[in-house]
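Here the structure comes first, spelled out in structure tokens, and everything after it is commentary.
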Amino acid sequence: AFWDAHHGELDEARRIRDYLAARGSDGDRDDALMAAGLSGHIALAEGDTASAVRAFAQLVPAGTRGQLTRPWESFGAEHLALARIHMARGEYDEAYRVARCFDSPGAASVIYPVFLRASLELRLEAARELGDEDDVAAIERRLAGLGVGG
């Protein structure tokens with residue numbers, strides 16, 4: 001369904017989202033979480049960034065440590081999408097704040113390191129836009145430690 005949303009197959013994505021939402025309302029937690037995340041992706045694919053922001057902003061990881069290893073539990077893709085929307089809107093402080101979730105102390109998900117590079121690159125761009133040279137230098141060092149840049 002996420003693939004469908006990102007490739008313009010919105011009718012199929014909506015059908016799957018509605019199916020998952022129905023199962024979620026019957027008590028299937030995983031399906032409810034996937035439907036919630038998918039709603040934001042569908043809104044974004046439809047060009048409705050206001051609805052996408054609302055959908056993504058309300059997604060908060062709340063599972064057990066074991067559950068948070070699953071991508072639909074941690075909402076990593078959704079948080080990164082939200083940060084990118086804020087960046088595109090010129091909301092650099094908010095983009096930076098959202099992207100920090102991927103490596104903050106006690107980060108909610110053990111899967112967040114998958115998103116670390118993208119979040120650092122986004123934060124680097126935001127720090128440059130905000131004119132924070134100290135932060136720019138610190139993020140560049142972190143990216144260099146990941147083998148990025150040069």
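Observations, loosely collected:
- Hey, A137 over 25 Å from A5 (Cα atoms), among the small types (G, A, S) and surrounded by fewer than 17 Cβ atoms within 10 Å (Cβ to Cβ) or not: yes
- Wholly within region 33-150, helices (runs of 4 or more DSSP H) carrying at least 2 residues that are of a type in the set (A, V, I, L, M): 49-57, 76-88, 92-99, 113-130, 133-145
- For region 24-41, the set of residues classified as over 14 Å from the mean Cα position of the chain (by Cα) and either buried (at least 16 other Cβ atoms within 10 Å of the Cβ) or within 19 Å of L68 (Cα to Cα) (or both) consists of G24, G27, D28, R29, D30, D31, A32, A35, listed by residue number.
- Contacts under 8 angstrom Cβ, first residue in region 118-145 being more than 16 Å from R84 (Cβ to Cβ), partner open to solvent by 10 Å² or more (accessible area, probe 1.4 Å) and outside any helix (DSSP H, G or I), 6 or more apart: E140/G149; L143/G149; A144/G150
Each row is one residue, and each column tells you yes or no for (1) over 27 Å from G90 (Cβ atoms); (2) of a type outside the set (A, V, I, L, M).
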| site | (1), (2) |
| --- | --- |
| E9 | yes, yes |
| R15 | yes, yes |
| Y19 | yes, yes |
| G24 | yes, yes |
| R29 | yes, yes |
| S39 | no, yes |
| L44 | no, no |
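The values are calculated or read from the model by the stated rules, or taken from the named source; none is laboratory data. A quick note: this is a predicted structure, and the numbers were derived from the prediction, not measured. Note: ideal-geometry Cβ built from the backbone for every residue, glycine included; neighbour counts use all protein chains shown. The protein model used for the area step is the full one, side chains on, heavy atoms only, and it has no ligands, DNA or RNA in it. Shrake-Rupley method; radii C 1.70, N 1.55, O 1.52, S 1.80 Å.
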